[in-house]
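Trainee: Have a look at this one.
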Amino acid sequence: QVQLVESGGGLVQSGASLRLSCAASARTSRNYVMAWFRQAPGKERFFVAAITWSGDNTYYADSVKGRFTISRDNAKNTVYLQMSSLKPEDTAVYYCAARSYRITTDRTTYDYWGQGTQVTVSS
């Protein structure tokens with residue numbers, strides 16, 4: 001069982017940067033992919049970014065490509081989401097998730113989820 005705890009959310013102005021962290025309670029195996037999803041009020045939960053255990057492969061949603069960067073520190077069992085040039089439409093609860101083997105954008109294929117952290121971007 002893997003428990004995930006997100007942190008780093010907050011209220012920022014448009015154009016600002018923010019870094020989210022997701023700490024895993026146990027050492028994630030070499031097969032674990034880590035991902036970020038987000039959910040705005042009244043909307044579905046959408047894929048944001050994902051990274052393989054080695055960090056060699058990453059994948060981003062088109063809406064955040066070039067502005068967000070996902071990374072991980074396996075020694076600390078932590079994955080990060082560096083968000084830059086934030087826009088009001090980035091406002092959402094951001095969730096960390098984990099699954100085995102390959103990157104997917106389908107939220108139903110992820111086995112473990114954190115409780116989420118709120119990011120609010122004001123215009």
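Any read-out appearing in this document is the output of simple, stated calculations on the displayed coordinates, not a laboratory observation. Nothing here was measured: the structure is a model prediction, and the numbers come from that model. Quick reminder, even Gly has a Cβ in these numbers, built from the backbone with ideal geometry, and neighbours come from all protein chains shown.
Trainee: For segment 71-123, rounded, prolate or oblate, judged on the Cα gyration tensor with a ≥ b ≥ c (square roots of eigenvalues), a/c < 1.5 rounded, else prolate if a/b > b/c?
Mentor: Prolate shape, in that a/c is at least 1.5 and a/b is the bigger ratio.
Trainee: Cα atoms only, segment 41-108: Rg and Dmax in Å?
Mentor: Computed over the Cα atoms of segment 41-108, radius of gyration and Dmax are 12.3, 37 Å.
Trainee: Okay, next question. Taking the C-alpha atoms of the chain, how large are the radius of gyration and the largest Cα-Cα span, Dmax, in Å?
Mentor: Reported Rg and Dmax, both Å: 13.3, 41.
Trainee: What are the aspartates and glutamates whose alpha-carbon lies under 20 Å from the alpha-carbon of residue 76, with same-chain residues fewer than 8 places away excluded?
Mentor: Of all the aspartates and glutamates, those that pass the test against residue 76 - Cα under 20 Å, at least 8 places apart if same chain - are 6, 56.
Trainee: If I build a Gaussian network model for the chain, linking alpha-carbon pairs within less than 10 angstrom, which residue out of 98, 35, 26 has the largest mean-square fluctuation?
Mentor: It is 26.
Trainee: While we're looking at this one, here's another question. For residue 63 and residue 120 in the same chain, what is the full-extension length gain: residue separation times 0.36 nm, less their Cα-Cα distance, in nm?
Mentor: 18.9 nm
Trainee: As a test, work out the antiparallel percent of DSSP beta bridges whose residues both lie in the chain, rounded to the nearest 5.
Mentor: The antiparallel proportion sits near 90 percent.
Trainee: Put +1 on the Cβ of every Lys and Arg and -1 on every Asp and Glu Cβ in the chain; which of 13, 42, 60 then has its Cα farthest towards the positive end of the dipole?
Mentor: 60
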